[in-house]
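Peer 1: Handing you a structure now.
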Amino acid sequence: MSARLPSLKTVAITLAGIIIAYALFGWLLLPRILQSQAEKYIAEKTGHHLTLDRPEFNPFKLNLHLANLHLTEPDGKPLFGFHELEVVLSATSIFQRTLVVTSIRLDNPEATLVVLPDGKLNWSPLIEALKNKEEKPDTALPRVNIEHFVMTGGRLDFADNRVAFATHIEPLNLELSDISSLPDDKGHYKVSARTALGARVLWQGDVSLNPLGATGSFGIEELDLSRLAPYIKDALPAGPPAGMAAVSTDYQLAYAAGRLNLTLDKLSAKLTGLRLKTGKASGADIVVDTIEVHNGHYDLAKNSFTLDALTLTGNQVDLRRPAGAPLKLLQLAGLTLANVQLDLAAHNLSLGHIALKNGQLKAVRDAGGNIDIVDALQTAFQPTADTKPAANAKSAAWHYRADKLELTDFSAAFRDQGMTPAVDMAIENIALAVDGISDNLAAPLPIRASGRVRDGGNFEA
């Protein structure tokens, strides 16, 4: 007895039924299931609230569209949301045993990140609630290949409640290409953003997920230091500094065998218009027109930092008193540190050359024998009542060496008010060179010095 094959009409009707059922499920049932189950799961599992418009899914184009998603904390505080999300899947996922995503487009996402007083994040309760504590964590990465990802018009609201600091980054744009968790697959990324601090962030390069690593370039422009006051106030003797900063670097980041390796190369930085106050009512005002870092290099594995040169131009230190006009103590046209090598692990600092040029120094000795520049330094840098005490833990001593220190075209003016009448003395064209300055105070220091007394006479030693 031979089995009868189904007729062509039966096969066609069966296939048509399958296609219609698949289409109805994709167009009508799946969106309802996604919406109801997602909102229900978040509410029951975490206590948070998730709302979104009815999703749209095209079962033939494998296109998923989500709109107006909002995720909030149990008390209604916002966590995350977006205007539109478009995900296009690839049918090749079936044959490649990999989830292949042709494209993802995310428009106008908004996220809120808050560091709470105890140091935890506002996202921590959600993340902990979503963890499956019964299953053992799987360290293997899922096989995913995202061909193209674009995010436009993003906004990140950030606050640190420990230091009463808040800012936002907007607009935040991100573009990724060929991101894959397959071994040795690399993808390109590009990020640009402008923060509420006025800073512009540029970040681009290549990233791989298996093994985890990234290479590229990173830069920050137009960073207003005064807006960082809540974070740097404890590291400063007094009020926040003023100035604009820019930083750029190439980098290589890798994580393997439980170890993180990071190197920074071609590091450069520029700070303009630095204004720094020391002390409270009295102290000193430090002004630097420009600070530049040239060709720096940092190696996390060696814990070392090198740079070709550090230059400061337009330097000035003014003595600030509770009453009376500020007194200019020191003016310096330029300072350059060349061939800087800093070994953080060995506590060693090496400088090839220190050059100071076009400086002016003023000092006054009053009738009581006090010298204003000495008093200014003591007042400016003495600990204040709210300064945190240093830890009692002992650390290894630092070692330092400067191959050469040079002062050129300096002048100094000294007034002694302890004598009647007061005596004024000025020295011009001061030049000084010292070789081999180090923490070895017993080592001899070759010194060459010369200058001219304004009232007459020259000296050279």
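The values are calculated or read from the model by the stated rules, or taken from the named source; none is laboratory data. Here the structure is a predicted model, which means the values were calculated and not measured. Cβ: placed from backbone, ideal geometry, glycine included. Neighbour counts: every protein chain shown. The accessibility values were calculated without ligands, DNA or RNA, using every heavy atom of the protein model including side chains. Shrake-Rupley method; radii C 1.70, N 1.55, O 1.52, S 1.80 Å.
Peer 1: Restricting to region 251-261, name every residue that is in a strand (DSSP E or B) and over 14 Å from the mean Cα position of the chain (by Cα). Reasoning before the result, please.
Peer 2: Filtering region 251-261 down to residues in a strand (DSSP E or B) leaves 251-256, 259-261.
The answer is Gln252, Leu253, Ala254, Tyr255, Ala256, Arg259, Leu260, Asn261.
Peer 1: Would you say Val191 is modelled with pLDDT of 75 or more and crowded, with 16+ Cβ neighbours inside 10 Å? Outline the logic, then answer.
Peer 2: Values: modelled with pLDDT of 75 or more: no; crowded, with 16+ Cβ neighbours inside 10 Å: yes.
In short, no.
Peer 1: Sort out which residues of region 416-451 are under 19 Å from Gly368 (Cβ atoms) and open to solvent by 90 Å² or more (accessible area, probe 1.4 Å), and write them in order of number. Steps first, answer last, please.
Peer 2: Of region 416-451, the ones under 19 Å from Gly368 (Cβ atoms) are 416-424.
Selection gives Met419, Thr420, Pro421.
Peer 1: Can you give me the ranges of the strands (runs of 3 or more DSSP E) entirely in region 65-132 with at least 2 residues that are free of Cβ contacts under 8 Å to residues at least 24 places away in the same chain and under 22 Å from Leu52 (Cβ atoms)?
Peer 2: Details: elements: 78-89, 99-107, 110-115.
Per the criteria, 78-89.
Here is a yes/no grid of residues against (1) aromatic (Phe, Trp, Tyr); (2) surrounded by fewer than 11 Cβ atoms within 10 Å (Cβ to Cβ); (3) at pLDDT below 95; (4) under 27 Å from Asn161 (Cα atoms):
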residue	(1), (2), (3), (4)
Ile18	no, yes, yes, no
Glu39	no, no, yes, no
Thr46	no, no, yes, yes
Asp53	no, no, yes, no
Arg97	no, yes, yes, no
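Peer 1: Also: Taking Thr311, is it β-branched (Val, Ile, Thr), in contact with a His (Cβ under 6 Å, 6 or more places away or on another chain) and at pLDDT 90 or above?
Peer 2: Details: β-branched (Val, Ile, Thr): yes; in contact with a His (Cβ under 6 Å, 6 or more places away or on another chain): no; at pLDDT 90 or above: yes.
When the stated conditions are applied, Thr311 does not pass them.
Peer 1: I need the strands (runs of 3 or more DSSP E) fully contained in region 392-461, keeping only those with at least 3 residues that are without any contact (Cβ under 8 Å) to a residue 60 or more places away in the chain and among the hydrophobic types (A, V, I, L, M, F, W, C).
Peer 2: On the way: elements: 399-416, 423-438, 447-453, 458-460.
It comes to 399-416, 423-438, 447-453.
Peer 1: While we're on this one: Return yes or no: is Leu176 modelled with pLDDT of 90 or more and in a strand (DSSP E or B)? Give the derivation first.
Peer 2: On the way: modelled with pLDDT of 90 or more: no; in a strand (DSSP E or B): yes.
Against the criterion (modelled with pLDDT of 90 or more and in a strand (DSSP E or B)), Leu176 does not qualify.
Peer 1: Go through (1) open to solvent by less than 90 Å² (accessible area, probe 1.4 Å); (2) modelled with pLDDT of 80 or more for Thr14 and report which single condition fails.
Peer 2: Condition (2) is where Thr14 drops out.
Peer 1: Has region 419-441 got any residue that is farther than 15 Å from Gln360 by Cα, within 42 Å of the chain's Cα centre (by Cα) and at pLDDT below 85?
Peer 2: Yes, region 419-441 has at least one match.
Peer 1: Here's a follow-up. Condition check: hydrophobic (A, V, I, L, M, F, W, C), touching an Asp or Glu at 6+ places or on another chain (Cβ under 6 Å) and at pLDDT below 90. Does Val150 satisfy that? Full working, then the answer.
Peer 2: Values: hydrophobic (A, V, I, L, M, F, W, C): yes; touching an Asp or Glu at 6+ places or on another chain (Cβ under 6 Å): yes; at pLDDT below 90: yes.
For Val150, the condition - hydrophobic (A, V, I, L, M, F, W, C), touching an Asp or Glu at 6+ places or on another chain (Cβ under 6 Å) and at pLDDT below 90 - is met.
Peer 1: Report, by residue number, each residue of region 425-461 that is polar (S, T, N, Q) and closer than 17 Å to Leu407 by Cβ. If you could, list the steps in order and put the result at the bottom.
Peer 2: Going through region 425-461, the residues polar (S, T, N, Q) turn out to be 429, 438, 440, 450, 458.
Hits for region 425-461 are Asn429, Ser450, Asn458.
Peer 1: Please work out if Lys394 is exposed (fewer than 12 other Cβ atoms within 10 Å of the Cβ), touching a helix residue (DSSP H, G or I) at 6+ places or on another chain (Cβ under 7 Å) and either modelled with pLDDT under 65 or hydroxyl-bearing (Ser, Thr, Tyr) (or both). Don't jump to the end; show me each part of the working.
Peer 2: On the way: exposed (fewer than 12 other Cβ atoms within 10 Å of the Cβ): yes; touching a helix residue (DSSP H, G or I) at 6+ places or on another chain (Cβ under 7 Å): no; either modelled with pLDDT under 65 or hydroxyl-bearing (Ser, Thr, Tyr) (or both): yes.
No.
Peer 1: Hey, can you tell me all the residues within region 40-62 that are more than 22 Å from Leu130 (Cα to Cα) and aliphatic (A, V, I, L, M)? Show your work before the answer.
Peer 2: If we filter region 40-62 for residues that are more than 22 Å from Leu130 (Cα to Cα), which is where we start, we get 53-62.
Of everything in region 40-62, just one residue is more than 22 Å from Leu130 (Cα to Cα) and aliphatic (A, V, I, L, M), namely Leu62.
Peer 1: Here's another thing I want to ask about it. Please determine, by comparing only the residues of region 405-415 that are among the small types (Gly, Ala, Ser) and closer than 14 Å to Ser450 by Cα, which one is surrounded by the most Cβ atoms within 10 Å (Cβ to Cβ).
Peer 2: Of the residues in region 405-415, the ones among the small types (Gly, Ala, Ser) are 411-413.
Pick out the ones that are also closer than 14 Å to Ser450 by Cα and you get 411-412.
Working: Ser411: 18, Ala412: 16.
By that ranking, first place goes to Ser411.
Peer 1: Can you tell me which residue among Ala238, Ala269, Ala246, Ala284 is part of a strand (DSSP E or B), modelled with pLDDT under 70, open to solvent by less than 50 Å² (accessible area, probe 1.4 Å) and more than 24 Å from Ser180 (Cβ to Cβ)? Explain how you work it out, then say what you get.
Peer 2: Numbers: Ala238 fails: part of a strand (DSSP E or B); Ala269 fails: modelled with pLDDT under 70; Ala246 fails: modelled with pLDDT under 70.
When all the criteria are applied, what remains is Ala284.
Peer 1: Kindly establish whether Leu30 is open to solvent by less than 60 Å² (accessible area, probe 1.4 Å), in contact (Cβ under 8 Å) with a residue 24 or more places away in the chain, touching a strand residue (DSSP E or B) at 6+ places or on another chain (Cβ under 8 Å) and not in a helix (DSSP H, G or I). Please lay out each step first, then the result.
Peer 2: Values: open to solvent by less than 60 Å² (accessible area, probe 1.4 Å): yes; in contact (Cβ under 8 Å) with a residue 24 or more places away in the chain: yes; touching a strand residue (DSSP E or B) at 6+ places or on another chain (Cβ under 8 Å): yes; not in a helix (DSSP H, G or I): no.
It is false that Leu30 is open to solvent by less than 60 Å² (accessible area, probe 1.4 Å), in contact (Cβ under 8 Å) with a residue 24 or more places away in the chain, touching a strand residue (DSSP E or B) at 6+ places or on another chain (Cβ under 8 Å) and not in a helix (DSSP H, G or I).
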